[in-house]
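Note sheet for the following structure.
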Amino acid sequence: MVQNHQTVLAVDMPQTGGSKYLDDDGKNKRTGSVWTASAHIITAVIGSGVLSLAWATAQLGWLAGPVVMLLFSAVTYFTSSLLAACYRSGDPISGKRNYTYMDAVRSNLGGVKVTLCGIVQYLNIFGVAIGYTIASAISMMAIKRSNCFHKSGGKDPCHMNSNPYMIAFGLVQILFSQIPDFDQLWWLSILAAVMSFTYSSAGLALGIAQVVVNGKVKGSLTGISIGAVTETQKIWRTFQALGDIAFAYSYSIILIEIQDTVKSPPSEEKTMKKATLVSVSVTTMFYMLCGCMGYAAFGDLSPGNLLTGFGFYNPYWLLDIANAAIVIHLIGAYQVYCQPLFAFIEKQASIQFPDSEFIAKDIKIPIPGFKPLRLNVFRYKSCL
């Protein structure tokens, strides 16, 4: 947790040349690189929503589906590059740093726009956090139900309550909320990124296997045809598919926070542009493969979640691995996405109650052979 007096120094002191251990703003030397920034971005971008891209492609067809994915990847890279240029105000090398998305808005827009953008950003993060909690519970229940069906041969309906799984996910997040900032999240982001590749690859492999079983590539140039759905449904589903693809590329609200972990030289802007190019390229490749192969396997009947299209059998163990990977990925993605919200709550609490030990005091727990573990009770509360 960044102490209040450190935050004030970082904002008010001039941007000097820094030193061996400190950056030009007086903070500890940043250590992030192209690869750690790419891991953060991939963790934030490639969510379980990748599994819905087969359905989105089914609504748009072989012609528009891949084109729309490529279009949104280009738009994402362009807009992210523009936003990366907002990290420093004025000179891109020595200008004042904007540590958060809100700082960038304040420096470039100011006024009531800061409040409006803040409301949008934090409501967005709050909504994503709820969505991740629900999605993780669904994946955990899918593992339990899959094993239940396998043992009973499909005779047991295997009804279950999602509440225990959401509570378990919340308890894990309370533990990980002790990680104070993005700079120390790199290992969790790398793990989460690997998990995203794991379940995406599982869906891709199952899609390829299904195409082999079918003996043909399903789908059409224009997607699901009018007749199978009404004209109104076709229009509505098309817009919904566009929204699914657009949302699958969204990470702008945490880009500045990720950029604030990057070391310099070279300039943070250059590093972030490279990280954006790497992550968007990798993301688009997986999106194209999963979306197109899922559509090739199921055609117009492509499910909203690619993994559910294979039922709870053969190979159920692979589906269990994929769902477990989704849960692990969402644990990391939750932390990456919620860091700006945690930081905002901690900063406001420090300003309102500067002398409160409950907010500022860290409890040091000695661990033999390692640095002491620093726990903060307020972080537990803010995560809840």
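Values computed for the structure shown
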{"quantity": "Test: A246 is of a type in the set (A, V, I, L, M, F, W, C) and under 24 Å from C338 (Cβ atoms)", "calculated": "yes"}
{"quantity": "Number of the condition not met by N28 [criteria: (1) surrounded by fewer than 18 Cβ atoms within 10 Å (Cβ to Cβ); (2) polar (S, T, N, Q); (3) modelled with pLDDT of 80 or more]", "calculated": "(3)"}
{"quantity": "The lone exception for C158 - which of (1) over 20 Å from Y316 (Cα atoms); (2) modelled with pLDDT under 80 it fails", "calculated": "(1)"}
{"quantity": "Matching entry among Y334, Y316 (being assigned by TED's automatic domain parsing to the domain that holds G203, surrounded by 21 or more Cβ atoms within 10 Å (Cβ to Cβ) and among the aromatic types (F, W, Y))", "calculated": "Y334"}
{"quantity": "Candidates S38, S94, S81 - the one that is in a helix (DSSP H, G or I) and either more than 29 Å from N323 (Cβ to Cβ) or not assigned by TED's automatic domain parsing to the domain that holds S302 (or both)", "calculated": "S81"}
{"quantity": "Test: S279 is outside any helix (DSSP H, G or I) and either under 20 Å from G95 (Cβ atoms) or out of contact with any Gly (no Cβ under 6 Å at 6 or more places or on another chain) (or both)", "calculated": "no"}
{"quantity": "Which numbered condition M160 misses (of (1) farther than 19 Å from V278 by Cβ; (2) part of a helix (DSSP H, G or I); (3) over 15 Å from the mean Cα position of the chain (by Cα))", "calculated": "(2)"}
{"quantity": "So A228, is it touching a residue at least 40 places away in the same chain (Cβ under 8 Å) and within 30 Å of S107 (Cα to Cα)", "calculated": "no"}
{"quantity": "Test set (1) part of a helix (DSSP H, G or I); (2) crowded, with 18+ Cβ neighbours inside 10 Å; (3) not small (G, A, S) - C86 fails condition number", "calculated": "(1)"}
{"quantity": "Checklist (1) modelled with pLDDT under 85; (2) out of contact with any strand residue (DSSP E or B) (no Cβ under 8 Å at 6 or more places or on another chain); (3) more than 30 Å from H150 (Cβ to Cβ) applied to I363, failing item", "calculated": "(2)"}
{"quantity": "Some residue of the stretch 119-128 being in contact with a Pro (Cβ under 9 Å, 6 or more places away or on another chain), of a type in the set (A, V, I, L, M, F, W, C), outside any helix (DSSP H, G or I) and on the phi < 0 side of the Ramachandran plot", "calculated": "no"}
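The values are calculated or read from the model by the stated rules, or taken from the named source; none is laboratory data. If you're wondering where the values come from, they're calculated on a predicted model, not measured in any experiment. A quick note on method: Cβ atoms are made from the backbone with ideal geometry, for glycine too, and the neighbour counts reach across all protein chains shown.
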